[in-house]
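A.B. asks: Provided herewith is a single structure, encoded as structure tokens, for subsequent inquiry.
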Amino acid sequence: IDFDLILENVKDLNVLAGEGISQIEHTPGGARLRQPEPLPLTLYQNGIVMFNEPFRPYEDPSTQQCLQDIMDGYFPSELQTRYPDGV
């Protein structure tokens, strides 16, 4: 696992997802600025935790696919069900 590549690609993906850019959210009395919701990803020596879900070891095939997607420069394909309209 190339952790340097993962960290570099996560930074790039964060920019694509709108990190640091506020969006206008219309409210009944007007509008307010809203920051995109962060997607927590924690890398450990022997696995990952994404969102507040259970620990996933690197040996798990779904963890390997998730990290491979990131190393290839893509958002993890497993997020498609959670974000069907994209980021």
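A.B. asks: Of Phe51, Pro28, Val15, which is farthest towards the positive pole of the chain's charge dipole, taken about the Cα centre with +1 and -1 on the beta-carbons of Lys, Arg and Asp, Glu respectively?
C.D. replies: It is Pro28, whose Cα lies furthest towards the positive end.
A.B. asks: Per residue, how many Å² of accessible area does the chain show with a 1.4 Å probe?
C.D. replies: Per-residue accessible area for the chain comes out at 74 Å².
A.B. asks: Heavy atoms of the protein only, probe of 1.4 Å, neighbouring chains included. What is the accessible area of Ser22 in Å², nearest 10?
C.D. replies: 50 Å²
A.B. asks: Carbon and sulfur atoms: what percent of the 1.4 Å accessible area of the range 3-82 do they account for?
C.D. replies: 54 percent
A.B. asks: When N is the residue count of the chain, what does its C-alpha Rg come to as a fraction of 2.2 N^0.38 Å?
C.D. replies: Cα-based Rg divided by the globular estimate yields 1.26.
The values are calculated or read from the model by the stated rules, or taken from the named source; none is laboratory data. Please read all numbers here as calculations on a predicted model, not as lab measurements. Positions of Cβ are backbone-derived with ideal geometry, glycine not excepted, and every protein chain shown enters the neighbour counts. Ligands, DNA and RNA are stripped out before the accessible areas are found, and what is left, the full protein with its side chains, is counted by its heavy atoms. Shrake-Rupley method; radii C 1.70, N 1.55, O 1.52, S 1.80 Å.
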